[in-house]
1. Taking θ = phi - 60°, what integer Hz values does the Karplus form 6.51 cos²θ - 1.76 cosθ + 1.60 yield along segment 396-403, in sequence order, with x for Gly and Pro?
2. How many lysine pairs are close in the chain, with Cα atoms under 28 Å apart and the two 8 or more places apart or on different chains?
3. Note down the net charge around ILE41, summing +1 for each Lys or Arg and -1 for each Asp or Glu among other residues with Cβ under 15 Å from its Cβ.
4. Give me the one-decimal nm value for the distance between modelled label points at ARG93 and GLU213, 7 Å along each residue's Cα-to-Cβ direction.
5. Which of the GluC sites (Glu not before Pro) across segment 217-311 are loop residues per DSSP, with 13 or fewer other Cβ within 10 Å?
6. Please compute one quarter of the surface area of the Cα convex hull for segment 300-432 and express it in square nanometres.
7. Only four residue types carry charge here, +1 at the Cβ of Lys and Arg and -1 at the Cβ of Asp and Glu. Report the dipole size of the chain about the Cα centre in Debye, rounded to the nearest 20.
8. Compute the distance in nm between two label points, each set 7 Å from the Cα along the Cα-to-Cβ direction, one at VAL331 and one at ASN175.
Amino acid sequence: MNDWQSWAAVVVFVGAYALIISEKIHRVAVALGGAGLMLAIRATDDQSAFYSEHSGIDWNVIFLLMGMMMIVGVLKKTGMFEYLAIWSAKKARAKPFRVMAMLVVITALASALLDNVTTVLLIAPVTLLVCERLALPAVPFLIAEVMASNIGGTATLVGDPPNIIIASRAGLTFNDFLVHLAPIVVVLVIALLVLCRVMFRKSFVYDGDRAAEIMALEEREAIRDRTLLVQGLVVLALVVVGFVLHPVLHYEPSVVALLGAGLLIAISTAETREVLQEVEWPTLAFFAGLFIMIGGLIETGVIGEISKALADAIGDNELGGSMTMLSASAVLSGIVDNIPYVATMAPITSDLVQNMGVGSDHVMWWALALGADLGGNATAIGASANVVVLGIAERNRQPITFWQFTKYGLVVTGVTVSLALGYVWLRYFALA
């Protein structure tokens, strides 16, 4: 970091981050403006910004989001989300905390099979409808669910994009993630439920009249187009199978999502223009700008310097290295998106593993995965799912501010990362 471009890139990123936090300027305008400045100061260029695999726009994320948003847009027309909202509320006897607990557990489980962004795209509309029916504030429920999605996605190879990067670099399988990370994820989901009971206790106001109305509803009457529902669910099931079989088929999730969206529009009566109107274009633009800004930090060597400093601090101390890797990854993933962070750290972690002669447990890789995935809960822009939910909430006139999300995110991240540190120490060192 001896050249002026490196420092200029840092100033641009920090300035943009400060504006996003202040919310004086819309985050999309800030992200695109920051991206433009990164290009203007030549911290990155058009080739790196738009075509580089590691320091430009992650088109896999952009097109995965677009494809799934289109599928969700078609499913909205069927009445499926109204059906699920009424069903879930009735199963929980219309008790607010029971509703939240049910949605949190469903979200965590779904995020282990789907990616966490797809899960929140499917669950958020249900949540908004449930809260509307029960006259509850939607924001606490949405925040709880997005955190559940980031935690649940940690359990499997396909649950969170950083896990796919780690699996590819370390040669890990779907079962490896399940065996090593699923046990702690179960504990973390339980911890999240306890935290939600405390953090959002003022939101759990039971309305007997509303509850009676919900219990009297017949959820099947909410379905408006059964043919379209069947078509949508069949395509969604095929997309899920495509996600799960990623290690075998080697199709990127974005390709699977786009194929699913195209197939559904082709075989159904849904109007293409109406489906495209359901896409959260501001959210996609925000991601594009954010990726370019982070790419500027990568291209100028800023991220590399931070990563090397972390590697120097770790040295050949396996226990200390694992604890440092997990903690530092959690902090950094709360500031920059965890996808480019893991892409940068993966080769460095590979060198560390080789230098330490680490055995088959791959503890450094698990520390990186836990830190990057759980750290995404720390701030409103720490993970892709967070940004997506903020966009959905804003579109439905239930805006979530940066600090509103972050004040809860820091608590959840602190508790879950502490539990993860204890798990790594206990499983790989104390009981080894």
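The values are calculated or read from the model by the stated rules, or taken from the named source; none is laboratory data. Owing to the predicted nature of the structure, the values given are computational and were not obtained by experimental measurement. Quick reminder, even Gly has a Cβ in these numbers, built from the backbone with ideal geometry, and neighbours come from all protein chains shown. Just the protein is used for accessible areas: all its heavy atoms, side chains included, with ligands, DNA and RNA removed. Shrake-Rupley method; radii C 1.70, N 1.55, O 1.52, S 1.80 Å.
1. So the J values, rounded to whole Hz, are 9, 6, 10, x, 10, 7, 4, 6.
2. Taking the Cα cut-off of 28 Å, the pair count is 12.
3. So the surrounding residues net to -3.
4. It is 2.2 nm.
5. Filter output for segment 217-311: GLU218, GLU271.
6. Taking the Cα atoms of segment 300-432, their convex hull projects to 8.6 nm² on average.
7. My answer is approximately 1440 debye.
8. Modelled inter-label distance: 3.8 nm.
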